[in-house]
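The values are calculated or read from the model by the stated rules, or taken from the named source; none is laboratory data. Because the structure is a prediction, the values reported are computed rather than measured. Quick reminder, even Gly has a Cβ in these numbers, built from the backbone with ideal geometry, and neighbours come from all protein chains shown.
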């Protein structure tokens, strides 16, 4: 009984560490590749929003997008946004999108 509790505890800890590392990777990728246009918290500067046509994460049109639609937009580009396929791995794109989605309220 004690051994199974230890194993369960270790597995839980390992999953939590993996989740934290994955979340940190998304934050790091977002900070390096996305923040300059989309803003620190998913709100672009007024100048960037006007110049590039970027909507904030709080915009209803952005809220309506699925994770898959966002991943496709990042991978293939959309509007004036450059494509990141080949520049970022699929896992990095997904992690950055997942991080960006934390700004949607």
Is it the case that some residue within region 88-96 is without any contact (Cβ under 8 Å) to a residue 24 or more places away in the chain, over 15 Å from the mean Cα position of the chain (by Cα) and surrounded by fewer than 12 Cβ atoms within 10 Å (Cβ to Cβ)?
no
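So which helices (runs of 4 or more DSSP H) stay within region 60-105 end to end and still have 2 or more residues that are over 20 Å from residue 49 (Cβ atoms)? Step through it out loud before you land on a result.
Details: elements: 60-63, 67-76, 90-101.
The helices (runs of 4 or more DSSP H) meeting that bar are 67-76, 90-101.
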Sort through 57, 75 and tell me the only one that's surrounded by 12 or more Cβ atoms within 10 Å (Cβ to Cβ) and touching a strand residue (DSSP E or B) at 6+ places or on another chain (Cβ under 8 Å).
75
Out of 32, 13, report the one residue that is at pLDDT 95 or above and either in a helix (DSSP H, G or I) or under 17 Å from residue 78 (Cβ atoms) (or both).
32
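From the list 71, 54, 104, pick out the single residue that is at pLDDT below 95 and in contact with a helix residue (DSSP H, G or I) (Cβ under 8 Å, 6 or more places away or on another chain). Working first, answer last.
Working: 71 fails: at pLDDT below 95; 54 fails: at pLDDT below 95.
Result of the check over 71, 54, 104: 104.
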